[in-house]
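The values are calculated or read from the model by the stated rules, or taken from the named source; none is laboratory data. Note that the structure is a prediction, hence the values are computed from the model and not measured. Note: ideal-geometry Cβ built from the backbone for every residue, glycine included; neighbour counts use all protein chains shown.
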């Protein structure tokens, strides 16, 4: 009796093991947020792009090492006229619905992404026209030479023009006017996976595309993806620990050791394309939130210097970030064109020297100021701010911390209503110009929209403007270096660190972390 | 009987108070004191409650560190284990430290103070509002009664956390940013208080309607006592028992409601954390091994709410003559 | 206090009905109709008040435009989108416009997910309702059993233990209990899922998790978390009612007649506790829906509560307004039904409220 029972148990265990071996090609994946929409041009946001990348494809994309590789285009280069780029398209590609991929689809998709209701239009604002040359050649005309045009296209997905038109979604939906269209719910891309089912904020199931053009080129070992957003950090990690999911992004830093320690789980790590730093309003004559009347203490570079060396970046790394960050002295991650080790070096933590500088600047007794900080945007954002409050307190800067959700924090920066704030910046183009345009250029209609420091330097602005059309890389890089020298010596910003990305996964999964936090599951392999 | 009961309650929280022998004798011989002596759970919980009050009131004296003075913090003290000395700074921590190097024991004492303050003041607010409206409603009646009871109905339809979230949102908007942290506590108090006045009002109204018809009140009216004198001096003392019971249970509810709100990000601010805020922060560490950051504040909150709840339970049974 | 009246109310009601003539029945119906109309009017006022308060609140919750545009957006883009969304109009104008549309069933399109709000909410509602339902079942059944038990064995050790232990459930915040249950049952023991809804099966076009084993297992932890508070409440209420009823003359008389303890306890006493308990339970349903916000976000349960929390962090105004209106409608409806029941049972109410 007992024996038969044991045998039965053994058999069922074997059966189950066998079953899970068959299912090994299913990947259960969780991260904190869900994609916001299936319309590929309606949101310019990480998780939305990540899901879209599995089903739609851009002309060119970044691979798991963030290098640009061909996707729907096979080659791209400027023509003799430097304002016109020629893209050769991949032939023989079919959409999930069976439609052929041609130049018409590219023209359609780019025009769609440049419409007023598109969220992607800012990345394309240098494009004047998109023209079909033949079925597999497209010309992009820009308003001046734009050496970085391809960098702006890595999240620009191509839809089928016929399908989109038939479904009435020629334009990205107009949320304001109750616009609704089927492209928000359905997908017809060329990507490695097709949409099986989707419940917003709950579960999305993708199946491998049997007709994918990249067969043989990519591993394509995943046949099915079950994607579940899990917002609560502890719940997400619990799901991984209990084996309910195979891969999670956004592992809270405090839970990294337990993921690493747990049998059957591992942790992969990579430096992320995002720098965290503090901005200071140094342009105003007087600050609203400080305790100094008629003067702006932050306008004095000695004060900024003192604050810079009063930040104990190593302690933040060790305690707040649990060693999962790369302290830095410049507001750019290492992959970006223009980065050097000298720029990256951060000043030594030295309270005595900082106090002396404060004394010298006439603020020996310190001053009070409000620090605006997000509490749901970056890794341990509020924790970093709290730590900074303590550190600045040591040199007499009495900081009043105002931590808020991102929806309330970022408008303060954009409307220039903050004196001292935290910001994180990623560089999707992998070039310094992107940083300068948004963070160091004087605020104008088009540029400097995130520069809340009030810093304005016409000389620097001219140099930044020259970058856009400079085709000689060497000259351009020299200018970039000059700009960085100014930014650093003026202590325009107080850099903290570059974020480090961690993905927790089951041992059976082989997957490197992508620096932009964008997994492309066609690259994933199983052990 | 009712004066007696309120004396008894005072006596329990401060057993060493010296009062006039006659009063002392009165309650020593009362049923309540008898019942108190006979239930060990109540003795334990009232002692716990007294200790917690003591800790909260004297938090500034008792706490070994000043956890909310940023310039006194050393980040390197972060995540020190309980009963141990930090390897970098050599500081000793009884219950360990949190992610910012704050002494958990000190943060609990201060958190306890905020939690109790919010709870007690919210209940006092709810009680005064409820008692006054209940008296008016029950004694004067008519359309005033109708209006008050309709408002109470509407209030009842909204669960406390909804009321608190709505009020919190409005309060945040109306208060200038630099005062928000200070005002946040008051917004909490008002929102929790508002969601609990109805119980007081209904009870007082019911009792008032019964008392109003009694002869001694009629007599009082005849000799020309004012409405308010009758309500406050003659009717109110008759309902102190039920009010006390509701107040005790509301106190526990208010403390938990405040903790729950901190999960939704509308609780006490991190610069003035309550026990709920501390628990919400500690929640992140449930899997990571830093159990002390979650456990100790949770146990404190449990001890606080449980002792208040048990006490309220006992009080209700004792004060309800029908159950004896 | 109130409960004391209920036993007498129900007997009174029985008498009234037995002796009542047809004419008085008709008059009662007329009065009832007027009452309902009046309450409906009040309900509408309540809804409009909720709508206005929530609109006033949204102004301070952040800027939706920030979330809707990427970091590359220029000041001009933001201004243009604000204008398109009508966010520059005075609150009153926005509010009136919203209500006009809402009356035609158009609640706008979610800023966050770009789907019509009505559709999103209807898709999520079953998840919340089935969770509320299961937690209600748990709360009522356990609450009744334990309440009756602790009343009958008033001074027993086990009864006292249950009374004390049940207080633990209301002495800790819900979110902490949820996190603890996940840690224990999903991570340490591996018995139950830690998140989500599991498999669902469609019934009359509505996807329900309760119909599959896997889905049911996923529901246990969130339902227990959600129902714990109500269970304690019901248990204490049942116990208190039972204790009071057991002391009434009616029960004493039953005992004196020599009926068995069992039939007195269950046949007579328990029946009399039903009315107040059902009333309170009905009113608690609103609370369950509201507290579902917390439970749903701890367990990633894809219901309207989770939708609301997401909407709050994204400043998704159309979803927030619709959710608050929905909650208000649920509360008002439940209240109305409870009031009507009262009215039907207790004719004296009509005299009082006039």
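Things to note:
- Residue check, residue A:330 touching a helix residue (DSSP H, G or I) at 6+ places or on another chain (Cβ under 7 Å) and under 13 Å from residue A:504 (Cα atoms): no
Residue by residue, here is whether (1) within 7 Å of chain C (Cβ to nearest Cβ); (2) buried (at least 24 other Cβ atoms within 10 Å of the Cβ); (3) under 30 Å from residue B:31 (Cα atoms) holds:
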residue: B:253; (1), (2), (3): no, yes, yes
residue: B:263; (1), (2), (3): yes, yes, no
residue: B:271; (1), (2), (3): no, no, no
residue: B:276; (1), (2), (3): yes, yes, no
residue: B:291; (1), (2), (3): no, no, no
residue: B:296; (1), (2), (3): no, no, no
residue: B:306; (1), (2), (3): yes, no, yes
residue: B:317; (1), (2), (3): no, no, yes
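- Single residue of B:238, B:280, B:309 found to be at pLDDT below 85 and in contact with a helix residue (DSSP H, G or I) (Cβ under 9 Å, 6 or more places away or on another chain): B:238
- Residue that is farthest from the chain's Cα centre (by Cα), among those in region B:142-152 that are within 11 Å of another protein chain (Cβ to nearest Cβ) and crowded, with 16+ Cβ neighbours inside 10 Å: B:145
- Criterion applied to C:150, C:164 was being surrounded by fewer than 16 Cβ atoms within 10 Å (Cβ to Cβ) and not in a strand (DSSP E or B), and the one residue passing it is C:164.
- Considering the conditions (1) under 30 Å from residue A:248 (Cβ atoms); (2) in contact with a strand residue (DSSP E or B) (Cβ under 8 Å, 6 or more places away or on another chain), residue A:418 is excluded by exactly one of them, (1).
- Among residues that are farther than 30 Å from residue C:117 by Cα and in contact (Cβ under 8 Å) with a residue 40 or more places away in the chain, residue A:215 is not included.
- Some residue of region B:92-101 being out of contact with any helix residue (DSSP H, G or I) (no Cβ under 6 Å at 6 or more places or on another chain), surrounded by fewer than 17 Cβ atoms within 10 Å (Cβ to Cβ) and under 20 Å from residue B:188 (Cα atoms): no
- When residue C:79 is tested against (1) surrounded by fewer than 19 Cβ atoms within 10 Å (Cβ to Cβ); (2) away from chain A (no Cβ under 14 Å), just one condition goes unmet, and that condition is (2).
- Segments classed as strands (runs of 3 or more DSSP E), wholly inside region A:29-106, with at least 1 members that are buried (at least 19 other Cβ atoms within 10 Å of the Cβ) and modelled with pLDDT of 90 or more: A:60-62, A:73-78, A:84-89
- Of the set (1) within 11 Å of chain C (Cβ to nearest Cβ); (2) assigned to a helix (DSSP H, G or I), all apply to residue B:240 but (1).
- Among the residues of region B:42-71, those that are within 14 Å of chain A (Cβ to nearest Cβ) and either under 31 Å from the mean Cα position of the chain (by Cα) or modelled with pLDDT of 85 or more (or both) comprise B:65, B:66, B:67, B:68, B:69, B:70.
- From the options A:507, A:472, A:517, residue that is surrounded by fewer than 18 Cβ atoms within 10 Å (Cβ to Cβ) and under 30 Å from residue A:142 (Cβ atoms): A:472
- Any hit, region A:396-404, residues being surrounded by 24 or more Cβ atoms within 10 Å (Cβ to Cβ) and in contact (Cβ under 8 Å) with a residue 40 or more places away in the chain: yes
- Members of region B:278-289 found to be outside any helix (DSSP H, G or I) and either on the phi < 0 side of the Ramachandran plot or away from chain A (no Cβ under 11 Å) (or both), listed by number: B:286, B:287, B:288
- Pairs meeting the criteria (first residue in region C:314-329 and over 18 Å from residue C:113 (Cα atoms), second residue at pLDDT 80 or above and buried (at least 23 other Cβ atoms within 10 Å of the Cβ), beta carbons under 6 Å, at least 6 apart or on different chains) are lacking.
- Screening residue A:371 on (1) part of a helix (DSSP H, G or I); (2) within 14 Å of another protein chain (Cβ to nearest Cβ) shows it passes everything except condition (1).
- Test for residue B:94: is it touching a residue at least 24 places away in the same chain (Cβ under 8 Å) and more than 14 Å from chain A (Cβ to nearest Cβ): yes
- Unique match (being more than 24 Å from the chain's Cα centre (by Cα) and more than 14 Å from chain B (Cβ to nearest Cβ)) among A:326, A:342: A:342
- Restricting attention to region A:141-159 and to residues that are outside any loop (DSSP other than H, G, I, E, B) and under 26 Å from residue A:38 (Cα atoms), the residue that is nearest to the other protein chains (Cβ to nearest Cβ) turns out to be A:152.
- When each of B:77, B:86 is tested for being within 30 Å of residue A:371 (Cα to Cα), within 14 Å of another protein chain (Cβ to nearest Cβ) and in contact (Cβ under 8 Å) with a residue 24 or more places away in the chain, the lone residue that passes is B:77.
- Taking region A:378-491 and the helices (runs of 4 or more DSSP H) fully enclosed by it, the elements with 3 or more residues that are more than 14 Å from chain B (Cβ to nearest Cβ) and under 20 Å from residue A:288 (Cβ atoms) are at A:406-414.
- Pick from region C:41-53, criterion more than 7 Å from chain B (Cβ to nearest Cβ) and either closer than 12 Å to residue C:91 by Cα or at pLDDT below 70 (or both), ranking: surrounded by the fewest Cβ atoms within 10 Å (Cβ to Cβ): C:52
- Residue C:34 vs. criteria over 23 Å from residue C:305 (Cβ atoms) and at pLDDT below 75: no
- Residues considered: C:69, C:142, C:131, C:125. Of these, the only one that is buried (at least 20 other Cβ atoms within 10 Å of the Cβ), out of contact with any strand residue (DSSP E or B) (no Cβ under 8 Å at 6 or more places or on another chain), touching a residue at least 60 places away in the same chain (Cβ under 8 Å) and more than 14 Å from chain B (Cβ to nearest Cβ) is C:131.
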